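Each reported figure results from applying straightforward, stated rules to the coordinates on display, with no laboratory input. Just so it is clear, the structure is predicted and the values come from calculations on it, not from any experiment. All Cβ positions, glycine included, derive from the backbone under ideal geometry; neighbour counts span all protein chains shown.
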Amino acid sequence: MITESPFLRMGSYSASMEEYGEAMAFLVFLKEGRLVRKSELPLCDTEEYLGAILDFTGELNRFCVKAATARDKEAVKRCRDLCDAIMGEFLQFNLRNSSPRKKFDSLKYTLKKLENTLYELSLTENLGLKTLGKEEEPDAETGQGPNADVE
């Protein structure tokens, strides 16, 4: 029905497709540690996909805060690196006067927050507080690393 009447795509349908794309992007990141491809979201058109990816970076930031709380520096680095790669791709677009423009502006702030979080983790590590190593995993129940009791 949407393909037959493209005007129906506007509004809440398009917004829901962005939300769907954002959720799928986060799921793929959690399961596989990568960004979802447009081809994996056949229900989303290009603009919805771009909006979903930009919204996903906000979820990435929240995930990063949780990882930083557990002192999982590697997870924070992965989040920052992915956000940085997304920024690099979006810089190639001319987003002037398009709907993803405002979301792109928030991507800049998200990347800055991720960089600050990584910097703060580095500072605490240099002060003697331990971060999780690659072989250490946070406790499934508490989300805290094995070094959570370090004073």
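General observations
- Inter-label distance for residue 108 and residue 65, nm, one decimal - labels placed 7 Å from Cα along Cα-to-Cβ: 2.2 nm
- Remark: the residue 37-residue 20 segment gains 4.8 nm on full extension, using 0.36 nm per residue and subtracting the alpha carbon distance.
- At R0 = 41 Å, FRET efficiency that the Cβ-Cβ distance of residue 119 and residue 13 yields, to 0.05: 0.50
- In this calculation the C-beta distance from residue 47 to residue 127 is compared with R0 = 35 Å, giving a FRET efficiency of 0.15.
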